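Notes for the one structure printed next.
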Amino acid sequence: MGNVAAPDVRISIARAVIYRVLARCFSYPDAELLELFENARAEEISQSWCCLGLSKERITSVTDWLAGCHTREAALMELEKEFIRLFARPYPQTLIQPYGSVYLDNGRLIWGRSTADVARLYEAAGLGMAEGFHDVPDHIAAELEFASYLIAERLKDSEQRSSSAEQLCSIEKRLLTEHLHRWAPTFFNQVSERSRAAFYQAIGGLAQQFVEWDAEHLNAVQHQPRRQADPR
């Protein structure tokens, strides 16, 4: 009989998948983004979403939008145009700022105090910014990708009984409670309300729903009694 992951492991895997998918959704659109919502990869997202007990309605909205596009080229062109309109105009004309410090720090500035704090979390996890990433450390896509990485690496280290699992858990908690969970719901709400594209309307609502669920989940986990070590 095959191994079956424990419930908390399945939830962690699902969280890592969804954070990774959302990071891709809020990066500059390309063919890889469209592939996420096709066939087997779309099924992985759907299964992860259902694992958390969340409704698939908005995921279905995305797949239906993609299926309704005449060509993939037309879909990609629509996403590129809307991404630029929403997130990539020169500062301060950007319609929706994708940087945490704009929401967390006084003065709504890019590269604020909270940005430096996020950069130190990357360093604590032994990471730097990817070579092809030319944006600020607290860009929404960077923080979402970092959350996915921390969860996945924590699971891997836990399986190997590595001492770094506890450190990764601490970094994950700080990233989410001090940064992402504080500002991302406002950002995602703006995306769903101000976008003209069905894709970003659905993804904004989906992301807001997930991050609010994750904040409640993390709070519940923190208040659970610590398990006693197995003496065997």
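The values are calculated or read from the model by the stated rules, or taken from the named source; none is laboratory data. What you see is a predicted model; the values in this text were computed from it and never measured. Quick reminder, even Gly has a Cβ in these numbers, built from the backbone with ideal geometry, and neighbours come from all protein chains shown.
Quick check on Ala184: is it touching a helix residue (DSSP H, G or I) at 6+ places or on another chain (Cβ under 9 Å), among the aliphatic types (A, V, I, L, M), farther than 17 Å from Glu145 by Cβ and at pLDDT 95 or above? Taking the combined requirement at face value, the residue does not satisfy it.
There is no residue in the range 112-132 that is surrounded by 14 or more Cβ atoms within 10 Å (Cβ to Cβ), touching a strand residue (DSSP E or B) at 6+ places or on another chain (Cβ under 7 Å) and in a loop (DSSP other than H, G, I, E, B).
The sole residue among Ala141, Ala165, Ala207 that is surrounded by fewer than 19 Cβ atoms within 10 Å (Cβ to Cβ) and within 11 Å of the chain's Cα centre (by Cα) is Ala141. Within the range 83-107, the residues that satisfy the criterion of being among the small types (Gly, Ala, Ser) and crowded, with 19+ Cβ neighbours inside 10 Å are Gly100, Ser101. For the range 138-219, the helices (runs of 4 or more DSSP H) that sit wholly inside it and include 2 or more residues that are more than 30 Å from Thr63 (Cβ to Cβ) and of a type in the set (S, T, N, Q) are 164-175.
Might you let me know whether the range 172-188 holds any residue that is of a type in the set (Val, Ile, Thr), within 26 Å of Phe83 (Cα to Cα) and touching a Ser or Thr at 6+ places or on another chain (Cβ under 9 Å)? No: the range 172-188 contains no residue that is of a type in the set (Val, Ile, Thr), within 26 Å of Phe83 (Cα to Cα) and touching a Ser or Thr at 6+ places or on another chain (Cβ under 9 Å).
Restricting attention to the range 92-131, the residues that are farther than 23 Å from Val191 by Cα and either free of Cβ contacts under 8 Å to residues at least 40 places away in the same chain or more than 18 Å from the chain's Cα centre (by Cα) (or both) add up to 14.
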